[in-house]
Amino acid sequence: MLLPLLLAAMIGLAGQSVTARAVLAPRGITVRVSPDTVLVGDRVHCVIDLEHSADERVSIERLDTLSTNQFELVSRKQSASALPSGGGRERFELELAAFGLGRQLLPPFTVVYRASGGQVTGRVPVKPDAAVFVKALTDSTMHELRPIKPPEKPSLPFVLLLPVIIAVSGGAGLVLLVLFLLRRILTASAEKIDPGQVAQRKLRKLGSRLSAGMPPPECYEELSNIMRSFLEKRYRIRALEAVTQEIERDLKKLGVAGFESIMSLLKQADLVKFADSRPDQEESRNSLHKAEEVIRTARTPEV
Amino acid sequence: MQYAAELEELGLQITEASRFLEKAQAELARRIVGQEEVIRRVFIAMLVNGHILLEGVPGLAKTLIIRTFAAAMNLKFQRIQFTPDMLPADLVGTMIYNPKEMEFSARKGPVFANVILADEINRSPAKVQSALLEAMQERQVTIGTQTFPLPEPFLVLATQNPIEHEGTYILPEAQVDRFMMKVLVDYPSYDEELEIMLQSASTEPKEPVMPVVQPNDIMKARTLIDRIYVDPRVQRYIVDLVVATRKPAQYGIAPLEAMIEYGASPRASIFLLLASKAHAFMQQRPYITPEDVKAIAYDTLRHRIRPGYEAEADNIRSDDIIRQILQHVPVP
């Protein structure tokens, strides 16, 4: 009764010895890695040699999935060679990109042994003790940062500076106020100047120049400018850059007193300017009188 | 006060010679509701031998205006629909082989008419556009080895749709420049639309347009227009306006400098003067005033000014630029 049990126990032990051929540093499995220190992201060269008997074939299970968080398989190469003892050696050359920081052990893998018929004869999980030291790209050991300089304290205490600040601000405010008032006064006085009076003065001067021998066409040109300038200031219309028709339209809209006389003067001036009309001295003088009359009657602002 | 004696005489002749315009305008008004400005521009172009580029959405009576105009003026009218597959020969004509006489003879194309409506000119390729624009400029057409003068008066009205750009060939600036005016045709007013609707919504045939003018009247008017007086002040004003499109800073409009990619060509000055003369003629005046110049400035300059990138970004069109220029260039 005891014999079959003993035999069974012996067979079980023999089977265990097959699967547990190598665990941490199994015989016939060599793992080398170079260089042993790299920067993060650099590549390391890993060589795995697997020795086997003549009637065996050997491979690494799911080699493509060898990548882990710390290593990324970049490329692989496999070669085989015969051993003088009669067996063979399978060499796997792997290129791995190293990530993570500090000492990183190479990822574990499983070696599969097969008989010449293809059936699996053994599976050996390997946890290589070869490791790579991965350094960070930046040197976290820098300790030469200068400490932040504390803010400088004012040489004068704030209590002493406060009156000076108030005085300067007050002075600036006062200057601005004076400037503002000055501007208002100037604007008000400018507004008080009646454009009619200015135009009358200019017309009187023009009359004296005409008497002094000014050619009538020039007189009309000047008259047109005086009238346009007056209309622009008095009625706030664009007259200096406008043509007579545009002025006519604007004045009509405003219902200006003496509209017909104004237009008649501007049209006469247009005839002289653009139609080669040659008025005589008398005509020019009459036009000047007419213009003075128009301006006098239009004294009351319409707007 | 009157103007110089020679202008007085010219004024009387102009009043007499411009009567035909009133008759033609009255005849046009029988068929066309509104669009007075467009009609006035067509008359101006015809009076000074210019051509017009009409821009407006479809259905604004562009064709009707031109067809009626030609009929009232007793002129031969041709409408040419420009298409992408058109060839220059379809426009100007071609050499045809005559087997009886065993020789080639020229067959004149539709361009041989007094009034041409080049509908949707931007639908045809550049070579067809060039053929028409060359005919407009030279006023003659060469078919094979023979050169034929185009009939007088010769007026081209080209239309283009401002909205559709797909499948179109945009007219190059150099060719657009040959058009005396670019007229924008706008929608009619509410009342005009009402009148158009009542007038057109009928199956009865329309009364034919009566020819009320003889081509000779136009030729006579042209000789008088050439004699219209242009004061040196107005001459300078025209040049000032055109130069201001190129160097606005010189006229106190420095902000426009960045808005204009390029300004109007010297052709603009020529056409501005010619169109102003025609405008004065239509007002029965023997001299030009700045009013005449301002009246046609938009139509004469808008296609000759190219707004720059900044202007486009701010949605500033060439009309806005012209408005600024007219407001800032001092009127004599």
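Figures for the structure shown
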quantity	calculated
Yes/no for residue A:28 being within 56 Å of the chain's Cα centre (by Cα), at pLDDT below 90 and in the same structural domain as residue A:124 (by TED's automatic domain parsing)	no
Any hit, the stretch B:25-48, residues being within 14 Å of chain A (Cβ to nearest Cβ) and closer than 16 Å to residue B:225 by Cβ	no
Any hit, the stretch B:41-51, residues being basic (Lys, Arg) and surrounded by fewer than 18 Cβ atoms within 10 Å (Cβ to Cβ)	no
In the stretch B:199-230, residue surrounded by the fewest Cβ atoms within 10 Å (Cβ to Cβ) [restricted to those that are within 14 Å of chain A (Cβ to nearest Cβ) and out of contact with any strand residue (DSSP E or B) (no Cβ under 7 Å at 6 or more places or on another chain)]	B:227
Qualifying residues in the stretch A:264-283 (those that are over 28 Å from residue A:235 (Cα atoms) and in a helix (DSSP H, G or I)) - the one farthest from the other protein chains (Cβ to nearest Cβ)	A:281
Only one of A:116, A:85 that is out of contact with any strand residue (DSSP E or B) (no Cβ under 8 Å at 6 or more places or on another chain), of a type in the set (Ser, Thr, Tyr), in the same structural domain as residue A:46 (by TED's automatic domain parsing) and more than 20 Å from residue A:36 (Cα to Cα)	A:85
Yes/no for residue A:221 being within 53 Å of the chain's Cα centre (by Cα) and over 16 Å from residue A:195 (Cα atoms)	no
Selection status of residue B:15, within 15 Å of the chain's Cα centre (by Cα), among the hydroxyl-bearing types (Ser, Thr, Tyr) and surrounded by fewer than 19 Cβ atoms within 10 Å (Cβ to Cβ)	no
Odd one out for residue A:90 among (1) assigned to a strand (DSSP E or B); (2) in contact with a Phe, Trp or Tyr (Cβ under 9 Å, 6 or more places away or on another chain)	(2)
Residue match in the stretch B:187-205 (condition: polar (S, T, N, Q) and in contact (Cβ under 8 Å) with a residue 60 or more places away in the chain)	yes
Members of the stretch B:260-292 that are buried (at least 22 other Cβ atoms within 10 Å of the Cβ) and within 16 Å of residue B:324 (Cβ to Cβ)	B:260, B:264
Test set (1) more than 27 Å from residue B:168 (Cα to Cα); (2) surrounded by 14 or more Cβ atoms within 10 Å (Cβ to Cβ) - residue B:145 fails condition number	(2)
Hey, residue B:9 of a type in the set (Asp, Glu), part of a helix (DSSP H, G or I) and within 14 Å of chain A (Cβ to nearest Cβ) or not	yes
Which listed residue, of B:272, B:256, is in a helix (DSSP H, G or I), at pLDDT below 90 and either in contact with a strand residue (DSSP E or B) (Cβ under 6 Å, 6 or more places away or on another chain) or not acidic (Asp, Glu) (or both)	B:256
Residue match in the stretch B:291-299 (condition: more than 14 Å from chain A (Cβ to nearest Cβ) and either touching a Ser or Thr at 6+ places or on another chain (Cβ under 8 Å) or more than 23 Å from residue A:247 (Cβ to Cβ) (or both))	no
Residue tally, condition within 14 Å of chain A (Cβ to nearest Cβ) and under 24 Å from residue B:319 (Cα atoms), over the stretch B:231-267	11
Restricting the stretch B:304-328 to residues that are crowded, with 21+ Cβ neighbours inside 10 Å and of a type outside the set (S, T, N, Q), the residue that is nearest to the other protein chains (Cβ to nearest Cβ)	B:326
Residue match in the stretch A:55-63 (condition: assigned to a helix (DSSP H, G or I) and within 21 Å of residue A:111 (Cα to Cα))	yes
Every pair of residues 6+ apart whose Cβ atoms lie under 8 Å, when the first sits in the stretch A:66-87 and is under 16 Å from residue A:100 (Cα atoms) while the second is surrounded by fewer than 10 Cβ atoms within 10 Å (Cβ to Cβ) and small (Gly, Ala, Ser)	none
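The values are calculated or read from the model by the stated rules, or taken from the named source; none is laboratory data. Nothing here was measured: the structure is a model prediction, and the numbers come from that model. FYI the Cβ positions are ideal-geometry reconstructions off the backbone, even for glycines, and counts take in every protein chain you see.
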